Amino acid sequence: QVLLQESGGGSVQAGGSLRLSCEVSRPTFMRHCMGWFRHVIGRDREGIAMIDGDGRTDYASSMKDRFTISKDNTKNIVYLQIDNLKPEDTAMYYCAADYAWVGSGPLLHCSLHYPDYNSWGRGTQVTVSS
């Protein structure tokens, strides 16, 4: 069963924008950690942004300027807005979900590391040309 399904990728010119969507089949996932990752063949899977059940977000340090994660709890969709796309953004983008909490007390937050996530979509390809 496909629990997460990405869409919204495609081929775009550098400088353009895309909004990726992740449809979540189990609403309970929305109460925990949801994240976006990207992967290029020959490189490690890279965490981009996470959002928890309370809507708190966290970003990889290199992603804060052009990437925005959000969600619609009514529609059970998690979004990733990408602005000012660059050729180096070309990758397969994946949605992930899990009870991926790290830290404790006031430092508790969602992990940005892919080994902490067990539920994955099949990905949507983003290709950015110059």
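The values are calculated or read from the model by the stated rules, or taken from the named source; none is laboratory data. What you see is a predicted model; the values in this text were computed from it and never measured. Glycine gets a Cβ as well: all are built from the backbone with ideal geometry, and neighbour counts include every protein chain shown. For the accessible areas, the whole protein counts, side chains as well, though only heavy atoms, and no ligand, DNA or RNA atoms are used. Shrake-Rupley method; radii C 1.70, N 1.55, O 1.52, S 1.80 Å.
Structural remarks
- Hz values of 3J(HN,Hα) by residue in segment 97-109 - Karplus curve (6.51, -1.76, 1.60), Gly and Pro given as x: 9, 4, 7, 9, 6, 10, x, 8, x, x, 8, 4, 7
- Of the peptides 102-111, 45-54, 3-12, the ranking by mean beta-carbon count within 10 Å, highest at the top, reads 45-54, 3-12, 102-111.
- Derived scalar couplings ³J(HN,Hα) [segment 57-67; Karplus, 6.51 cos²θ - 1.76 cosθ + 1.60; whole Hz; x for Gly, Pro]: 10, 8, 10, 4, 4, 7, 10, 5, 7, 10, 10
- Computed E for residue 83/residue 118 - FRET, C-beta separation, R0 35 angstrom, nearest 0.05: 0.70
- Accessible area of the chain belonging to carbon and sulfur atoms, whole % at 1.4 Å probe: 46 percent
- For segment 1-96: accessible area per residue (Å², 1.4 Å): 51 Å²
- Placing unit charges on the Cβ atoms of the charged side chains and taking the dipole of the chain about its Cα centre, the candidate lying farthest along the positive direction among 125, 114, 42 is 125.
- The slack in the chain from residue 75 to residue 109, taken as 0.36 nm per residue of separation less the alpha-carbon distance, amounts to 9.9 nm.
- Cβ-placed point charges (K, R +1; D, E -1), dipole of segment 21-125 about Cα centre in debye, nearest 20: 180 debye
- Karplus (6.51, -1.76, 1.60) ³J(HN,Hα), θ = phi - 60°, over segment 120-128, in Hz, Gly and Pro reported as x: 9, x, 8, x, 9, 7, 10, 10, 10
- Under-5 Å amide H pairs with residue 10, H placed in peptide plane, nonlocal only: 126, 127
- Amide H to amide H, with H built 1.01 Å from N, residue 49 comes under 5 Å of 36, 60, counting only residues 5 or more places away or on other chains.
- For the chain, the alpha-carbon coordinates run over 45, 30, 27 Å along the three principal axes, in decreasing order.
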